[in-house]
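Computed from the coordinates by the stated procedures, all read-outs in this text should not be read as laboratory data. Only a predicted model underlies this, so the values are computations on that prediction, with no experimental measurement involved. Reconstructed Cβ throughout: ideal geometry from the backbone, glycine too, with neighbour counts over all protein chains shown.
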Amino acid sequence: MLKITELSQLDLQQTYSYADYLNWHIKEAIELIKGKIMLMSPAPNAKHQAISMNLSSLLHHYFKHNNCRVYAAPFDVRLYNREQSCLANTEIHTVVQPDLCVICNPEQIDTQGCMGAPEWIIEILSKGNAKRDIHLKYTLYQESGVAEYWLVYPDMQAIHQFILDDNGLFQLKAMYTNDDMVSPHRFPDLAIDVNEIFDTWNND
């Protein structure tokens with residue numbers, strides 16, 4: 001098998017599987033969405049990283065006393081339609097790297113990351129990924145059965161909280177901004193001050 005070390009060796013129009021993905025050794029950060037290669041944005045800016053660290057710290061402190069665990073990108077999450085059973089690597093065509101995800105079933109974790117939908121995913125928007133997170137990943141996370149999805153808007157200092165309903169569709173539960181307190185639906189005792197999330201040095 002030809003060793004893949006450069007993105008130029010791949011056909012961006014071709015459909016690939018997770019089995020293919022495992023054999024690539026390229027420097028670019030990519031995601032695989034329904035078999036198609038999607039280049040990830042360049043290194044996130046300072047504000048994005050500060051928000052991610054704030055959330056990571058808050059969630060880590062809470063979940064270290066809980067059976068769930070929080071993981072930050074880069075961390076591979078393999079997704080498939082929730083109506084299907086666990087699939088072989090050749091049958092999986094979506095691998096994403098959410099900014100943050102919470103996983104409550106230890107059986108989903110292996111040496112390569114997470115197999116199946118996390119309980120909760122948080123994506124922090126940037127200019128390079130906004131359309132993908134708002135539309136494409138929203139649909140993917142809904143189809144795969146992610147119970148809760150947060151979209152974090154750094155420039156507006158706002159959070160949109162989506163909850164999966166009994167029909168398997170995301171519903172906008174609430175929108176939060178500065179001075180609000182936000183809690184994940186499954187963990188109502190985790191109360192987060194939105195000001196703490198957006199407390200960064202970089203305000204540009």
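Charge dipole of the range 86-134 (Cα centre as origin; +1 on each Lys and Arg Cβ, -1 on each Asp and Glu Cβ, all else neutral): 300 debye, rounded to the nearest 20. Toward the positive end of the charge dipole of the range 134-204, with +1 on the Cβ of Lys and Arg and -1 on the Cβ of Asp and Glu, the farthest Cα among Asn195, His135, Gln161 is that of His135.
On full extension, the segment bounded by Ala191 and Ala46 gains 49.7 nm, given 0.36 nm per residue less the C-alpha separation. In percent, rounded to a whole number, the relative contact order of the range 1-118 is 27, using alpha-carbon pairs under 8 Å and six or more apart.
On full extension, the segment bounded by Ala174 and Asn54 gains 41.1 nm, given 0.36 nm per residue less the C-alpha separation. Longest segment of the chain with no trypsin sites (Lys or Arg not before Pro) in a DSSP loop having at most 15 other Cβ atoms within 10 Å? Counting at most 15 other Cβ atoms within 10 Å as exposed, the longest clean stretch of the chain is 128-185. Measuring r between the beta carbons of Asn23 and Trp201 and using R0 = 41 Å, the FRET efficiency lands at 0.50.
Only beta bridges with both residues in the chain are counted; by DSSP, about 80 percent of them are antiparallel. The C-alpha atoms of the chain define a longest principal axis, and helix 46-63 lies at about 80 degrees to it. Other residues whose C-beta falls under 12 angstrom from the C-beta of Asp165 contribute a net charge of -1, scoring Lys and Arg +1 and Asp and Glu -1.
Once you've got the GNM for the chain with C-alpha springs shorter than 10 Å, pick whichever of Glu143, Glu31, Glu83 has the biggest mean-square fluctuation. So, out of Glu143, Glu31, Glu83, the one fluctuating most is Glu83. For Lys131, the lysines whose Cα comes closer than 25 Å to its Cα, not counting residues fewer than 8 places off in the same chain, are Lys27, Lys34, Lys36, Lys47, Lys173.
Residues of the range 119-150 with an amide N closer than 12 Å to a point placed 7 Å from the Cα of Asp166 along the Cα-to-Cβ direction: none.
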